[in-house]
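Enquirer: The structure's right below; bear with me while I get my questions together.
Bear in mind these aren't lab numbers, they're just calculated from the coordinates by the rules spelled out. No experiment lies behind these values; they were computed from the predicted model shown. Note that each Cβ is placed from the backbone with ideal geometry, even for glycine, and that neighbours are counted across all protein chains shown.
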Amino acid sequence: MPGLEPRDSREGRTYTWGDESFWSVTTVLKALNKPALPSWSAKMVAEYVAENFSFIQDMMIDGKKDEAIGAMKGAPWRTKTKAADLGTLVHQAVEAYCMGVEQLPGLETEAHVQHFARWLEAFKPKIIESEVTVFNRRYNYAGTLDLLVELDPNIWVIDVKSGSGVYPEFAMQVAAYAHGEFIGRQDGSEDKMPEVTRGAVLHLRPNGYKFIPVDISDPVYRSFLHCRELFRFVEEIGPHVIMGEVRK
């Protein structure tokens, strides 16, 4: 497979295409400041302590302070990992549904897939592509878009989300996919990306769905490119700018 599966490292996620390496769109967006994250992390720690107070107290009494601190510190990341795992399962289930694979009852994603089927029935999009990797050589990024569809009669990039909310940076993610230059195929061939005119988030939750158009116009895409340059500084330029002390 010519790099259609991303590679994760300490620095972030990358895609490889031939001898070229591309930063993942979602990795680039990590350069954004997320002011709600510290409050969310503090809340996760507080909830963990409230739910496991006796356990934490016993560790402290037993002199296991470092272990207790480690358990509390890890609470936000355990929650985040669980949500990410569910998101991956939802994407896999939606892709399987698009391919006509029958879903087994009782799976954690069953309700999400049912709501996806409801969305298909309500909007009747023509699915052009699902779960394909798009590349942009000019700005050196790549990503796997969830759905490329024809609808009313625009071409839409639709990103499937299963988390608790829909956030403004999702528009930059969709805009980045929409401005992909080509779709990479399993056999190593490249297909020109169709001209995309609309973007949306399909928010699948256990209790329903929301189909939310997002702005993918030039100002939004330029914002993504600014973020790409900030990320370039952090990962590629920043580590080399401190030249060392000069003494006389």
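Enquirer: In percent, what relative contact order does the chain have, based on Cα pairs under 8 Å that are 6 or more apart in sequence? Please report the intermediate quantities before stating the final value.
Expert: Values: 348 pairs, mean separation 45.7, N = 248.
This gives 18 percent for the chain.
Enquirer: Further question on the same structure: Ranked by Cβ crowding within 10 angstrom, fewest neighbours first, how are H112, H226 ordered?
Expert: Working: H112 25, H226 12.
Ascending number of Cβ neighbours within 10 Å: H226, H112.
Enquirer: Label-point separation (nm) for K210 and A46, each offset 7 Å from Cα along Cα-to-Cβ?
Expert: Modelled inter-label distance: 2.4 nm.
Enquirer: Let me ask another. Give me the percent relative contact order of region 119-201, please, defined on Cα pairs under 8 angstrom at least 6 residues apart. Don't skip to the answer; put the middle values down first.
Expert: On the way: 145 pairs, mean separation 25.4, N = 83.
Relative CO of region 119-201 lands at 31 percent.
Enquirer: With the cut-off at 28 Å, tell me which of the pairs K64/K161; K30/K126; K73/K210; K124/K161; K126/K192; K126/K210 have Cα atoms farther apart than that.
Expert: K64/K161; K30/K126; K73/K210
Enquirer: For region 154-183 and region 104-151, compute the distance between their C-alpha centroids and round to whole Å.
Expert: 10 Å
Enquirer: Out of residues 5 or more away from N52 or on other chains, whose amide H comes under 5 Å of its own, with H placed 1.01 Å from N in the peptide plane?
Expert: Those lying under 5 Å, H to H, from N52: there are none.
Enquirer: Over the Cα atoms, compute the radius of gyration (one decimal) and Dmax (the largest Cα-Cα distance, rounded to a whole number) for the chain, in Å.
Expert: So, for the chain, Rg and Dmax equal 21.2, 75 Å respectively.
Enquirer: Find, among the trypsin sites (Lys or Arg not before Pro) in region 130-237, those assigned to loop by DSSP (not H, G, I, E, B) with at most 16 other beta-carbon atoms within 10 angstrom. Working shown, then result.
Expert: On the way: sites: R137, R138, K161, R185, K192, R198, K210, R222, R228, R232; in loops: R137, R138, R185.
Hits after loop and neighbour filter: R137, R138, R185.
Enquirer: Right, next: Please list the non-local residues whose amide H lies under 5 Å from the amide H of R13, H modeled 1.01 Å from N, same-chain partners needing a gap of 5 or more.
Expert: Excluding prolines and chain starts, which carry no amide H, the hits are S24, T27.
Enquirer: Who wins for biggest fluctuation among E236, E129, E95 in a Gaussian network model of the chain, springs between alpha carbons below 10 Å?
Expert: In this elastic network of the chain, the residue with the biggest mean-square fluctuation among E236, E129, E95 is E236.
Enquirer: Hey, fewest Cβ within 10 Å first, where do F135, F123, F22 land in order?
Expert: F123, F135, F22
Enquirer: Starting from the 7 Å offset along Cα-to-Cβ, what nm value, one decimal, do you get for the label separation of V246 and V234?
Expert: If labels sit at V246 and V234, their model points lie 3.1 nm apart.
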